[in-house]
Each structure stands twice: as structure tokens, then as C-alpha cells.
Amino acid sequence: MQQRGREKLSWDDVRLLLALGRSRTLGEAAGRLGVDGSTVSRRLTALEAARASTLFERGRHGILATEAAEELL
């Protein structure tokens with residue numbers, strides 16, 4: 001039995017996490033993925049809700065991976 005928040009990631013979620021981990025902003029990650037910034041934001045919010053944890057801190061100067069994101073990366 002898997003623990004809550006420990007479900008396997010879909011390939012799209014893995015791609016999202018890698019793009020975010022390699023980027024300084026949501027817009028930069030969106031460019032890497034070839035999608036709109038609002039799509040990245042929406043997908044990240046959904047992934048964080050599904051895992052019941054914050055993966056990236058969002059601020060005026062960009063994004064920063066949390067410990068939970070580092071574990072996944």
C-alpha cells in the first residue's frame with residue numbers, strides 16, 4: 001500500500017518538475033515545455049494538491065524548490 005503523496009508520477013508531471021527545477025521562473029519553465037505560463041502554474045497547483053505539499057515557493061523574483069521538490073527531483 002502506498003502512502004498518501006507517494007503515488008507514482010506521470011511522465012507529464014516528471015517533465016513539469018524537471019523544467020521547473022531547471023528554471024528560475026514559471027515563464028522559463030513554460031518555454032522549456034512549449035506551453036503557456038498559466039498552464040505551468042495550473043499543473044503545478046494540481047500536482048501540489050495531489051501530493052498535499054508545496055513543491056515550489058513562488059515569489060516576485062521567481063521560484064525556489066522546497067525540500068519536497070528536491071526529494072522528487
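Structural remarks
- Residue within segment 2-12 that is in contact (Cβ under 8 Å) with a residue 24 or more places away in the chain, surrounded by 12 or more Cβ atoms within 10 Å (Cβ to Cβ) and either in contact with a Cys (Cβ under 6 Å, 6 or more places away or on another chain) or not in a loop (DSSP other than H, G, I, E, B) (or both) present: no
- Which listed residue, of Arg22, Arg32, is at pLDDT 95 or above, open to solvent by 70 Å² or more (accessible area, probe 1.4 Å) and within 12 Å of the chain's Cα centre (by Cα): Arg22
- Residue in segment 35-51 that is surrounded by the most Cβ atoms within 10 Å (Cβ to Cβ), counting only those that are small (Gly, Ala, Ser) and over 10 Å from the mean Cα position of the chain (by Cα): Gly37
- Residues in segment 52-73 that are more than 11 Å from the chain's Cα centre (by Cα), closer than 17 Å to Ser10 by Cα and not in a loop (DSSP other than H, G, I, E, B): Glu71 alone.
The values are calculated or read from the model by the stated rules, or taken from the named source; none is laboratory data. Here the structure is a predicted model, which means the values were calculated and not measured. For neighbour counting, all protein chains shown are included, and Cβ atoms are generated from backbone atoms with ideal geometry for every residue, glycine included. Surface accessibility is based on the protein's heavy atoms, side chains included, excluding ligands, DNA and RNA. Shrake-Rupley method; radii C 1.70, N 1.55, O 1.52, S 1.80 Å.
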